[in-house]
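Scroll down for the structure; my scribbles are underneath it.
The values are calculated or read from the model by the stated rules, or taken from the named source; none is laboratory data. It should be emphasised that the depicted structure is a prediction, and the values quoted were computed from it without experimental measurement. Positions of Cβ are backbone-derived with ideal geometry, glycine not excepted, and every protein chain shown enters the neighbour counts.
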Ligand SMILES: C[S@@+](CC[C@H](N)C(=O)[O-])C[C@H]1O[C@@H](n2cnc3c(N)ncnc32)[C@H](O)[C@@H]1O
């Protein structure tokens with residue numbers, strides 16, 4: 001039923017005048033809408049080839065009231081596979097795919113920084129599950145450098161297995177740990193552009209409510225994050241990172257600006 005719907009909506013040949021209600025927006029409350037729009041805009045309306053953080057396959061499960069259907073990728077991997085059809089991968093080891101062999105990859109790494117030894121992080125500790133629901137569900141990084149190094153590693157690996165013209169759809173969220181703001185989204189963008197990928201888009205997933213993890217705190221130090229990002233990176237070997245902010249910054253650094261003028265003609 002939903003699958004049929006998908007075929008109907010994902011009609012890439014249909015020419016419809018773009019207006020305010022049907023234009024693809026960079027903001028949504030529904031992560032399946034974002035994934036669907038990434039497929040439509042950047043993957044020729046085709047299902048993703050691979051997911052390296054398949055987990056419990058939430059992106060692909062079909063719920064009764066779902067408006068969008070995201071077909072399951074052919075290659076499913078996870079560090080902690082939850083189903084037989086998901087192949088185990090190991091941090092700082094290769095994704096078991098050939099160089100340049102796939103056209104699209106989905107990545108949704110953990111974003112929480114929290115010691116794995118704390119009671120709430122133990123995967124089988126059912127009594128304490130509620131004390132750190134987010135970390136339990138998605139696992140965590142500790143120390144914080146584990147997160148940065150994994151993001152860097154997996155970005156390089158995704159780039160290796162991606163064919164020219166292929167895309168990575170990478171979900172991430174900024175986080176706060178020990179009062180320090182970790183700009184994980186920015187870091188992933190930098191890693192992608194550093195390996196030569198073209199940052200082609202960013203979609204913001206909004207939440208209507210969030211768990212408040214420090215209810216006893218009297219004074220708030222940072223805004224509570226109600227958004228996460230889906231960044232889209234494209235492998236374009238020829239023009240790849242021509243417009244990468246990192247390259248433009250290098251250009252700016254070499255420039256002498258004092259007295260410079262741009263003539264208007
Ligand atoms: C946010 S969840 C992914 C949720 C998934 N998208 C879904 O729809 O169910 C994060 C995933 O990253 C995996 N993970 C944990 N540590 C990892 C690591 N060091 N490298 C890669 N993946 C890791 C977890 O097993 C978990 O499945």
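Here is a yes/no grid of residues against (1) within 15 Å of the ligand (Cβ to nearest atom); (2) in a strand (DSSP E or B); (3) touching a helix residue (DSSP H, G or I) at 6+ places or on another chain (Cβ under 6 Å); (4) modelled with pLDDT under 95:
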site	(1), (2), (3), (4)
80	yes, no, no, yes
83	yes, no, no, no
90	yes, no, no, no
94	yes, no, no, no
99	no, no, yes, no
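I'm trying to understand the selection: among the residues of region 41-70, which are surrounded by fewer than 19 Cβ atoms within 10 Å (Cβ to Cβ) and within 14 Å of the ligand (Cβ to nearest atom)?
56, 57, 58, 61, 62, 63, 66
Would you confirm, using the coordinates I've provided, whether residue 229 is closer than 17 Å to residue 34 by Cα and surrounded by 13 or more Cβ atoms within 10 Å (Cβ to Cβ)?
So residue 229 fits the description; yes.
Could you please tell me which pairs satisfy a Cβ distance under 8 Å, a separation of 6+ or placement on different chains, a first residue in region 142-167 that is within 11 Å of the ligand (Cβ to nearest atom), and a second residue that is part of a helix (DSSP H, G or I)?
Filtered contacts from region 142-167: 147/184; 151/184; 151/187; 151/188; 151/191.
Output the residue which, of all residues in region 228-255 that are in a loop (DSSP other than H, G, I, E, B) and within 19 Å of residue 186 (Cα to Cα), is modelled with the highest pLDDT.
Step one: of region 228-255, the residues in a loop (DSSP other than H, G, I, E, B) are 235-244, 255.
Still in the running and within 19 Å of residue 186 (Cα to Cα): 235, 240-244.
Numbers: 235: 97, 240: 75, 241: 77, 242: 81, 243: 88, 244: 90.
Across region 228-255, the extreme among qualifying residues is 235.
If you scan region 176-192, which residues turn out to be touching a helix residue (DSSP H, G or I) at 6+ places or on another chain (Cβ under 7 Å) and at pLDDT below 95?
Listed by number, the list holds a single entry, 177.
Quickly run through region 60-69 and pick out the residues that are touching a helix residue (DSSP H, G or I) at 6+ places or on another chain (Cβ under 8 Å) and more than 14 Å from residue 29 (Cα to Cα).
At the first step, the residues of region 60-69 found to be touching a helix residue (DSSP H, G or I) at 6+ places or on another chain (Cβ under 8 Å) are 62, 66-69.
Listed by number, the residues that qualify are 62, 69.
Quick check, is residue 36 more than 13 Å from the ligand (Cβ to nearest atom), in contact with a helix residue (DSSP H, G or I) (Cβ under 6 Å, 6 or more places away or on another chain) and touching a residue at least 24 places away in the same chain (Cβ under 8 Å)?
On the way: more than 13 Å from the ligand (Cβ to nearest atom): yes; in contact with a helix residue (DSSP H, G or I) (Cβ under 6 Å, 6 or more places away or on another chain): no; touching a residue at least 24 places away in the same chain (Cβ under 8 Å): yes.
No, not satisfied.
Could you list, in sequence order, all residues of region 168-186 that are within 16 Å of the chain's Cα centre (by Cα), part of a loop (DSSP other than H, G, I, E, B), away from the ligand (no atom under 11 Å from the Cβ) and touching a residue at least 12 places away in the same chain (Cβ under 8 Å)?
174
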